[in-house]
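Participant: Here it is, the structure, as structure tokens.
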Amino acid sequence: MKKNIFQYSILIGIMLILSSMRILNVKNEDPKLSLDDKSLVKIIKTESEWKKLLSPNQFYILRKKGTEAPFQNAYYNNHEKGNYFCAGCHLPLFSSKTKFESGTGWPSFYAPLDKKNVSESVDNSHGMVRGEITCTRCGGHLGHVFNDGPNPTGLRYCMNSAALIFQKNK
């Protein structure tokens, strides 16, 4: 009996750890990320395929155009040197070299690594007009762009951490 309770406790503990990892956008896989990945061939998946690939929060942000809470996300206060990739398809999107403190609570950049890797469309939701930024390859919602950023572009790409994967420079 004690052995069964112990095994059951271990199983519950493992399930809780794995569950919290998914909530925090951590997947058990170690994705292959490369700045040399430049393919813009469209990636098309069904909703159920995206749900299997992404954590629930990543799915909400990338596929349902959700927004995470400010100051309560993984990368708004990340000061490490490295690059940010799309969490949906691993396309390189932003560099820490263009990241800046916007005071908004979301990771903000003044330019993408390659302008072709992000697409902009008009977003009229929530009673405002702004530019929605999506991944060019998989169409995932990344965040929004505003014209109140620093030089040299004057732009602020305000991104959702859950839409990104950070790879620290080696």
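The values are calculated or read from the model by the stated rules, or taken from the named source; none is laboratory data. This one's a predicted model, so the numbers in the text were calculated from it and none came from an experiment. All Cβ positions, glycine included, derive from the backbone under ideal geometry; neighbour counts span all protein chains shown.
Participant: Can you find, within region 85-108, the residue that is nearest to the chain's Cα centre (by Cα) among those that are more than 20 Å from PRO152 (Cα to Cα) and of a type in the set (A, V, I, L, M)?
Facilitator: In this case the residue turns out to be ALA87.
Participant: Let me ask another. Have a look at GLU120, GLU80, GLU68 and point out the one that is assigned to a strand (DSSP E or B), at pLDDT 95 or above and either charged (D, E, K, R) or not assigned by TED's automatic domain parsing to the domain that holds ILE43 (or both).
Facilitator: Answer to the check: GLU120.
Participant: I want to confirm something. Restricting to region 140-156 and keeping residues that are part of a strand (DSSP E or B) and aliphatic (A, V, I, L, M), which single residue is farthest from LEU54 (Cα to Cα)?
Facilitator: The qualifying residue farthest from LEU54 (Cα to Cα) is VAL145.
Participant: With the checklist (1) exposed (fewer than 12 other Cβ atoms within 10 Å of the Cβ); (2) in contact with a Phe, Trp or Tyr (Cβ under 9 Å, 6 or more places away or on another chain) in hand, flag the one item SER96 doesn't pass.
Facilitator: (1)
Participant: Separate question: Determine whether region 146-153 contains at least one residue that is crowded, with 20+ Cβ neighbours inside 10 Å and either at pLDDT below 95 or farther than 28 Å from LYS45 by Cα (or both).
Facilitator: The answer is yes; a qualifying residue exists.
Participant: Turning to a different aspect of this structure: With (1) touching a Ser or Thr at 6+ places or on another chain (Cβ under 8 Å); (2) assigned to a strand (DSSP E or B); (3) under 25 Å from LYS32 (Cβ atoms) as the list, and PHE166 as the residue in question, which single condition is left unmet?
Facilitator: (1)
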